[in-house]
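Student: First the structure, then my questions, so here it is.
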Amino acid sequence: MNTRMILKTLGFLLIIEAASMLPSLLVSLIYKGNDFAAFLITIVILLLTGVILYRMKVKNTNLYSRDGFAIVSIGWIMISLFGALPFILSGAIPSFFDAFFECVSGLTTTGSSILQDVEGLPKGILFWRSSTIWLGGMGVLVLTLAILPKAGATSFQIMKAESPGPNPDKLVPKIAQTAQILYSIYLGLTIVLTVLLIIAGMPVYDALIHAIGTAGTGGFSIKNLSVGSYNNIFIEVIITVFMFIFGINFALHYHVLKGNVKSIFKDEEFCFYTGTVIIAIILISVNLTGSVFNSVGESLRHASFQVTSVITTTGYSTYDFNQWPTFSKTILVILMFMGACAGSTSGGMKCIRIVVLLKTVKRELKRILHPRAVNTVKLSGRNLDDSLMSGVTSYFFAYFVVFVISILLISLDGKDLTTTFTSVTTTINNVGPGLGLVGPSGNFADYSDFNKFLFSFIMLFGRLEIFPMLLLFTPSFWRRANI
């Protein structure tokens, strides 16, 4: 393990986090909030620590696979700890466990909260709270690679460990250029969304906050009733469309911008994702019409918003779906597990894994019927090798084990089964609201400090897709190795 290079990279990561707090510092200055000093102190601490680590002399600049995983797992814990400081120092969230939970929730784009009155917080704190979502959406370390001096080919190990999905692709040969392309698309879409929300009637500050939350599919709102507080159908339609867009693999966005529009319709994961959204909207709309809403239009309005919000793990709400019929809530819980596309900013298992698993099951059925036949599994016209399918199967097993252990530990808090089950479901899949006490009108404030701390790591497990965090608890991972 290249310890010095790991520490050097982590130092640069802290410098990036310090720079990312500058807009929040500016917002606190503009609105004359009492959080200015908290941001200033945190930025100084980050810069001092970051510069010391980054100036460390390194002889070997190569990063091996385990180095990439170490940087990602340790890095996310580290930026979460430092990112919680403004909440604590400003007095907005004085408890360490609450502040850590809120920061992890933002960085992992989960959107779960312990806050009961967000509208009473300083503007700078609210801006930083939402900024963590935007930073975590594409990946803080992907941003680091985009601007890290001399980011070489071995830096792909970092991107591989942080990027959501079973197999991240380099859009161009150079990893730094790939990261720059990804963030350019990400930033461009965020700006377009902000402008559209302003045109639809949102104040500039509100539009920026909700655009950031939508882009990172995190869903932190500055309103206690989330997007529903605006009661504006144009705002809801715009956010619905962009939540869907941010749930698409960014590699497809790149191909479309390059003029290859047909590629998006040839992608099996995109087709599965789109089909799932359409079917879920239709089923829930039919179920809601007459039982919750009197008109088909009203049912379609809320069903389309909530389905898109849940499957992309954004977590915004326009209605308390905790009050919906069991059939509709069951569909939403299923969507919480699925997530959107790999290579997007969403959480969950990702549609590509569901597709691969279904194809694997289909192949096994064919083997039973035709034992001597050679059956290959294809995805979007390409043959899938056994290592990728084995990786998907291993992920599902590891996910299930972490999920079950988490439920058992969280159940010690004594909450009802619905609350316990969906609280773990929504945190490990980085969704935000669940059902019961953690529904759209509730939050995680009533949980013990131990469980809030545990939830924080469950969110990190979900965002980093289990294995990078799991490796931290593997003794052999810390042993010296040449590879």
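The values are calculated or read from the model by the stated rules, or taken from the named source; none is laboratory data. As the structure is a computational prediction, the values presented were derived from the model and not from experiment. All Cβ positions, even for glycine, are placed from backbone atoms using ideal geometry, and neighbour counts span all protein chains on display.
Student: Kindly provide the set of residues from the stretch 14-41 that are among the aromatic types (Phe, Trp, Tyr), modelled with pLDDT of 95 or more and part of a loop (DSSP other than H, G, I, E, B), ordered by number. I'd like the intermediate steps shown before the answer.
Tutor: Our first condition is that a residue be among the aromatic types (Phe, Trp, Tyr); within the stretch 14-41, this holds for 31, 36, 39.
After this cut, where a residue has to be modelled with pLDDT of 95 or more as well, the list is 36, 39.
Across the stretch 14-41, there are no qualifying residues.
Student: In the set 120, 50, which member is among the small types (Gly, Ala, Ser), modelled with pLDDT of 95 or more and over 21 Å from the mean Cα position of the chain (by Cα)?
Tutor: Details: 120 fails: modelled with pLDDT of 95 or more.
Sole residue among the options that is among the small types (Gly, Ala, Ser), modelled with pLDDT of 95 or more and over 21 Å from the mean Cα position of the chain (by Cα): 50.
Student: Now for a separate question. If you take the residues of the stretch 74-87 that are surrounded by fewer than 23 Cβ atoms within 10 Å (Cβ to Cβ) and out of contact with any Ser or Thr (no Cβ under 8 Å at 6 or more places or on another chain), which of them is modelled with the lowest pLDDT? Lay out the reasoning, then the answer.
Tutor: Going residue by residue through the stretch 74-87, those that are surrounded by fewer than 23 Cβ atoms within 10 Å (Cβ to Cβ) are 74, 77-78, 81-82, 85.
Filter once more, so that each one left must be out of contact with any Ser or Thr (no Cβ under 8 Å at 6 or more places or on another chain): 74, 77-78, 81.
Details: 74: 92, 77: 95, 78: 95, 81: 97.
Among those that are surrounded by fewer than 23 Cβ atoms within 10 Å (Cβ to Cβ) and out of contact with any Ser or Thr (no Cβ under 8 Å at 6 or more places or on another chain), it is 74.
Student: Kindly indicate the residue of the stretch 230-244 that is β-branched (Val, Ile, Thr) and surrounded by fewer than 17 Cβ atoms within 10 Å (Cβ to Cβ) and also nearest to the chain's Cα centre (by Cα) among those meeting that condition.
Tutor: Of the stretch 230-244, the ones β-branched (Val, Ile, Thr) are 233, 235, 237-241.
If we keep only those that are surrounded by fewer than 17 Cβ atoms within 10 Å (Cβ to Cβ) as well, we get 233, 237, 241.
Numbers: 233: 26, 237: 22, 241: 18 Å.
Applying the filter and picking the extreme gives 241.
Student: On to the next question. Anything in the stretch 296-336 that is of a type in the set (Phe, Trp, Tyr) and closer than 21 Å to residue 274 by Cα? List them, or say none. Show your work before the answer.
Tutor: We begin by selecting, within the stretch 296-336, every residue of a type in the set (Phe, Trp, Tyr); these are 305, 316, 319, 321, 324, 327.
Within the stretch 296-336, 305, 316, 327 qualify.
Student: Separate question: If you take the residues of the stretch 346-397 that are β-branched (Val, Ile, Thr) and more than 27 Å from residue 461 (Cα to Cα), which of them is surrounded by the most Cβ atoms within 10 Å (Cβ to Cβ)?
Tutor: Taking the stretch 346-397 as the starting set, the residues that turn out to be β-branched (Val, Ile, Thr) are 352, 354-356, 360-361, 368, 374, 376-377, 392-393.
Subsequent filtering for residues that are more than 27 Å from residue 461 (Cα to Cα) retains 368, 374, 376-377.
On the way: 368: 7, 374: 6, 376: 9, 377: 16.
The residue in question is 377.
Student: Within the stretch 200-229, take every residue that is closer than 20 Å to residue 101 by Cβ, assigned to a loop (DSSP other than H, G, I, E, B) and of a type in the set (A, V, I, L, M, F, W, C) and give me the one that is farthest from the chain's Cα centre (by Cα).
Tutor: Step by step, filter the stretch 200-229, then rank; the result is 222.
Student: For the stretch 173-180, check the following and say yes or no: at least one residue is buried (at least 20 other Cβ atoms within 10 Å of the Cβ), touching a Phe, Trp or Tyr at 6+ places or on another chain (Cβ under 9 Å) and either at pLDDT below 85 or of a type in the set (A, V, I, L, M) (or both).
Tutor: Yes, the conditions are met somewhere in the stretch 173-180.
Student: Among the helices (runs of 4 or more DSSP H) lying completely within the stretch 377-463, list those that include at least 3 residues that are at pLDDT below 95 and aromatic (Phe, Trp, Tyr).
Tutor: Working: elements: 386-410, 417-428, 449-463.
Because the criterion is at least 3 residues that are at pLDDT below 95 and aromatic (Phe, Trp, Tyr), the helices (runs of 4 or more DSSP H) in the stretch 377-463 that meet it are 386-410.
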